[in-house]
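*Asks:* Pasting in a structure now, in structure tokens, and then I'll have a few things to ask.
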Amino acid sequence: MIRTAWLILRKDLTVEVRSLEIAYTTLFFAISCVLFFAFALVKEGKAPEDGAAGILWIAIAFAGTLALGRTFERERQSETLRALLMAPSDRPAIYVGKLLGIIALLVGAELVLVPLVAFLFQAPLLGHPFWLAAILLSGTLGFASVGTLFSAMLVRARSRDVLLPVLLYPITVPVIIAGVRATAALLQPDVELAIVRFWVMLLLALDVVFLTLALWTFEPLMTD
Amino acid sequence: MPKWFTPAAIVCALMFAVSPFLIANAPYEATMGLVQKIFYYHLPSAWVFLLSAIICGIASARFLFGGSPRQDRLAHAAAELTVLFGAIVLVTGPLWARKAWGVWWQWDVRLTSSFMGWMVAWAYLLVRKYGGPGSDKLAAGLALFGMANVPFVYISVNYWRTIHPATSVVPTLPVDMGVALWFAVACFLLLFVLLLRMRVRLEEQRAKLDALYLSLDE
Amino acid sequence: MIDFTELTAEGVSRHFGRRRAISRISFQAHSGSILGLLGPNGAGKSTMLAMLATLLRPSEGHIRYGSHTSKQAGASLRSAIGILGHDLFLYPELTARENLVFFAALYGVADSHAAADAALTRAGLGDRGGDPVSSFSRGMRQRVALERALIHRPRLVLLDEPFTGLDDASAGALVARLRGLRGDGTIVVLATHDLDLAEGLLDHAMFLREGRAVENVARPDALRSTYRSIMGRAT
């Protein structure tokens, strides 16, 4: 199972490294998002309170949706997802392999977005790197766990491009709330770690529930 | 339609005709006066909305893991009723809030969580309509995640909201409004059962029609 | 690993909503034989192959691999099945060798690199192994796709329109390859509407029309005239 997931992850990374298409376009889109929001919300050179945290997470969510769509579009070409399902390994291993690929992509984007947002909005995001990493990782995992499942489900559906956000955004509302609130708490002049800890715990609980549910439902959802 | 349907429908209509009188005679609530009376329809709608969502979630799980088309029909019908009763909740809620506290929307935790649940039910219907073949399973998966999400939505919205302190607090369930309330609850529950039965029957008829077409093809 | 010597379909049907794609099809194929599914477009050949591949469940009837159905046999059954679909199942951004190594490893083949090299040689593409599949012609891609389907030495090989877009030389090579597989005891099920190429290759031919098996012929010859006479009949 782990071997299969690793094989798929390695294959995805190999394919991506060849052209870097998804990496570049997702990154560019995320940066454009940040700028868009900056122009929309910044007044007299200052973002609204907690604006930096919100903008960061919205950019991650939008860029993530784009990356999910593109990743599974690749599997739709030549119907390779079917070929993966035909392999004798446990099918949830396919889900895990894809999930790890998406997380790697999003973490890469976050590595650029965090300094960018900190720079543009004078937000001291890097003040507590350990906590920020915890928030970003648990939030990204939550978002990606649902996103990977839904994207895989939609590969053979009609209107898949528009249905992904329709399905994904209502379900990931708690992830966004927790992510933004925790990040905003980190940006306060006197940080209350208790608040941050609460949100991270909530995110971790959510990750466990969503991952378990996804692993459980992947096979019935992908087969006819 | 089963035998009990028409008599039940008549009873339901009569009950709804009677309920405004019961509501008018109920005691006035201390702070809000007449406006509070919208609660007699708002609360039962909320309960039916929740019940419908739970039925949709459970039927979806049974469909996904058991494959029974009956469960799929039930889930679809329940999702539609979730959207319907959710709409009633989301309209009566702000109407009450506007008159009672002067604002349409207060980010109250229950109303906001209901809004999110309503969005998921709506997304379910969109998937079924536009998803093409196989959309029944996709929608079932969505319903499962929606159900699993409920505690997280509630906790996160609740904690989030305390950061925006509100100038008013929605009262907790007042249990002393007695007769009018429980009568209204009975009305709404009966209406829900009738609508559910009717909607499931529509799907059953569609399935029978498909089976007839198939056997024609022999 | 699961192995079997017979593939049996018993009264298999499949419908989508109110449309019957496959209607009560039964047949049996033994190891070391080639079964052809012949019929016009939309006859249900691809649907039948998908069911044989366990990608689709029959609405009615059973498919048995040996004496077990796919549910009884479990996930390891898939290691005995190889499929070449119409869409080839290859990653265009990867090289031919990378595609073969990936799928070999996925199917648990012992030495994936050696197997991939051997497969490339068999396909006559030993010197093009390092080129991305997107740079290949249709015929070359087909050859790689066929090797991909066979790399784990499956007992059952399913081919959906494998002659599409092949030139004479490639088609001849494919026919020779299939004859070789038959000699090795593989069960080959081949869906095609290219009757000339199937001529002389099939041990059994099943003619499908609108999801129904109109005729099931052993050791068929003069396929084209048989086809015309069968299809010309009123249903």
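*Asks:* If you build a Gaussian network model of chain B, linking Cα atoms that sit under 10 Å apart, which residue out of B:LYS99, B:LYS137, B:LYS208 swings the most?
*Replies:* Result: B:LYS208 has the largest fluctuation of those listed.
*Asks:* Helix C:96-106 versus the longest principal axis of chain C: what angle, 0 to 90°, nearest 10, using Cα atoms?
*Replies:* Helix C:96-106 sits at roughly 70 degrees to that axis.
*Asks:* So, one more: Anything over 30 Å Cα to Cα? Flag those among B:LYS3/B:LYS137; B:LYS3/B:LYS208; B:LYS137/B:LYS208; A:LYS98/B:LYS129, in the order listed.
*Replies:* In this structure, B:LYS3/B:LYS137 exceed 30 Å between Cα atoms.
*Asks:* Cα axis of helix B:5-25 to longest principal axis of chain B: angle in degrees, 0 to 90, nearest 10?
*Replies:* 10 degrees
*Asks:* Hey, rough spin-label estimate for C:HIS113 and B:VAL18, points 7 angstrom out along Cα→Cβ, what's it come to in nanometres?
*Replies:* That separation, rounded to one decimal, is 8.5 nm.
*Asks:* So, counting K/R as plus one and D/E as minus one, what does the shell of residues with Cβ under 13 Å around C:ASP160 add up to?
*Replies:* Taking every Cβ under 13 Å from that of C:ASP160, the sum is -2.
*Asks:* Using the count of nearby Cβ atoms within 10 Å as a rough guide to exposure, how do B:MET1, A:MET86, C:MET140, C:MET51 rank from fewest to most? Write down the numbers at each step before the final one.
*Replies:* On the way: B:MET1 10, A:MET86 22, C:MET140 18, C:MET51 26.
Ascending Cβ contact count within 10 Å gives the list B:MET1, C:MET140, A:MET86, C:MET51.
*Asks:* In a shell of Cβ-Cβ distance under 9 Å around A:ASP12, excluding A:ASP12 itself, what net charge do Lys and Arg (+1) and Asp and Glu (-1) give? List each step's numbers first, then the result.
*Replies:* Details: positive: A:ARG10, A:LYS11, A:ARG74, A:LYS98; negative: A:GLU16.
Within the 9 Å Cβ shell, the charges total +3.
*Asks:* Can you pull the mean other chain C-beta count within 10 Å for peptide C:95-105? Don't skip to the end; give the middle numbers.
*Replies:* Working: counts 2, 0, 0, 4, 2, 0, 2, 9, 7, 0, 7.
The shielding value for this peptide is 3.
*Asks:* Another question, if that's okay. If you take every DSSP beta bridge whose two residues both sit in the protein assembly as shown, what share of them, in percent to the nearest 5, is antiparallel? Write down the numbers at each step before the final one.
*Replies:* On the way: 24 of 43 bridges.
Antiparallel: roughly 55 percent of the beta bridges in the protein assembly as shown.
*Asks:* Next question. Residue by residue through the range B:90-104, which ³J(HN,Hα) values in whole Hz follow from phi under the Karplus form 6.51 cos²θ - 1.76 cosθ + 1.60 (θ = phi - 60°), with glycine and proline marked x?
*Replies:* Values, residue by residue: 6, 8, 5, x, x, 4, 5, 4, 4, 6, 7, 10, x, 10, 6 Hz.
*Asks:* Which of the aspartates and glutamates could a cross-linker span from B:LYS99 if the Cα-Cα distance has to be under 18 Å and same-chain partners fewer than 8 positions apart are dropped?
*Replies:* By straight Cα distance, B:LYS99 reaches B:GLU29, B:ASP108.
*Asks:* Mind checking the angle between helix A:193-222 and chain A's longest principal axis? C-alpha axes, 0 to 90 degrees, to the nearest 10.
*Replies:* Its long axis makes an angle of about 20 degrees.
*Asks:* Could you work out how far apart the two model spin labels at A:THR223 and B:TRP47 are, taking each label as a point 7 Å from the Cα in the direction of the beta carbon, and quote it in nm?
*Replies:* Label at A:THR223, label at B:TRP47, 4.3 nm between them.
*Asks:* Based on C-alpha coordinates, I'd like the Rg and Dmax of the range A:151-224, in Å.
*Replies:* Just the Cα atoms of the range A:151-224 yield Rg and Dmax of 16.4, 54 Å.
*Asks:* Same structure again: When only C-alpha pairs under 8 Å and at least 6 residues apart count, what is the relative contact order of chain A, in percent?
*Replies:* Details: 225 pairs, mean separation 57.2, N = 224.
After rounding, I find 26 percent.
*Asks:* Something else now. What residues qualify as long-range amide H neighbours of C:GLY39, i.e. H under 5 Å apart, gap of 5 or more or another chain, H built at 1.01 Å from N?
*Replies:* Answer set, sorted by chain and number: C:THR192, C:LEU208.
*Asks:* Moving on to the next point. So what's the net charge close to A:LEU81: Lys and Arg +1, Asp and Glu -1, counting the other residues with Cβ under 10 Å from its Cβ?
*Replies:* On the way: positive: A:ARG74, A:ARG76, A:ARG82, A:LYS98, A:ARG156; negative: A:GLU75, A:GLU79.
Around A:LEU81, the charge tally is +3.
*Asks:* For chain B, set up a Gaussian network in which alpha carbons nearer than 10 Å are linked by springs, and say which option among B:SER60, B:SER135, B:SER113 fluctuates the most.
*Replies:* Maximum fluctuation in the GNM of chain B, among the listed residues, is at B:SER135.
*Asks:* Only bridges whose two residues both fall in the range C:6-232 count here: according to DSSP, what percent of them are antiparallel, nearest 5? List each step's numbers first, then the result.
*Replies:* Values: 22 of 41 bridges.
So the antiparallel bridges in the range C:6-232 amount to around 55 percent.
*Asks:* May I ask you to sort B:CYS56, B:CYS187, A:CYS33 by Cβ crowding, counting other Cβ atoms within 10 Å and putting the fewest first? Display every interim value, and only then the final one.
*Replies:* On the way: B:CYS56 29, B:CYS187 24, A:CYS33 20.
Going from least to most buried by this count: A:CYS33, B:CYS187, B:CYS56.
*Asks:* While we're on this one: Across all directions of projection, what mean area in square nanometres is found for the Cα convex hull of the range C:6-232? Walk me through the numbers on the way to the answer.
*Replies:* Values: hull surface 49.2 nm².
Average of the hull's projected areas for the range C:6-232 equals 12.3 nm².
*Asks:* So how do B:LEU142, B:LEU90, A:LEU111 line up by other beta-carbon neighbours within 10 Å, fewest first? Don't jump to the answer; show the numbers that get you there.
*Replies:* On the way: B:LEU142 30, B:LEU90 19, A:LEU111 12.
Ranking B:LEU142, B:LEU90, A:LEU111 by Cβ neighbours within 10 Å, fewest first, gives A:LEU111, B:LEU90, B:LEU142.
*Asks:* What shape does the protein assembly as shown have by the C-alpha gyration tensor, where a ≥ b ≥ c are the square roots of the eigenvalues, rounded means a/c under 1.5, and otherwise prolate means a/b greater than b/c and oblate the rest?
*Replies:* Values: a/c = 3.11, a/b = 1.49, b/c = 2.08.
Cα axes put the protein assembly as shown in the oblate bin.
*Asks:* Karplus couplings for the range C:140-155 from phi (6.51 cos²θ - 1.76 cosθ + 1.60, θ = phi - 60°), rounded to Hz, Gly and Pro as x?
*Replies:* 5, 4, 4, 5, 5, 4, 5, 4, 4, 5, 9, 5, 9, 6, x, 6
*Asks:* Restricting to Cα pairs below 8 Å that are 6+ residues apart, what does the relative contact order work out to for the range C:6-232? Please round to a whole percent. Before the final figure, lay out each step's value.
*Replies:* Working: 425 pairs, mean separation 66.2, N = 227.
Normalised by residue count, the contact order of the range C:6-232 is 29 percent.
*Asks:* If r is the Cβ-Cβ distance from A:GLU73 to A:MET201 and R0 is 25 Å, what FRET efficiency results, to the nearest 0.05?
*Replies:* Numbers: r = 36 Å, r/R0 = 1.42.
Efficiency computed from Cβ-Cβ geometry: 0.10.
*Asks:* Looking at the range B:21-89, which chymotrypsin sites (Phe, Trp or Tyr not before Pro) are DSSP coil and have at most 16 other C-beta atoms within 10 Å of their C-beta? The partial results should precede the final answer.
*Replies:* Working: sites: B:PHE21, B:TYR28, B:PHE39, B:TYR40, B:TYR41, B:TRP47, B:PHE49, B:PHE63, B:PHE65, B:PHE85; in loops: B:TYR28.
In loop regions of the range B:21-89 (DSSP not H, G, I, E or B), the sparsely surrounded chymotrypsin sites (Phe, Trp or Tyr not before Pro) are B:TYR28.
Readers should treat all values here as calculations from the given coordinates under stated rules, not as data from a laboratory. Small disclaimer: the values here were computed from a predicted structure and weren't measured. Note that each Cβ is placed from the backbone with ideal geometry, even for glycine, and that neighbours are counted across all protein chains shown.
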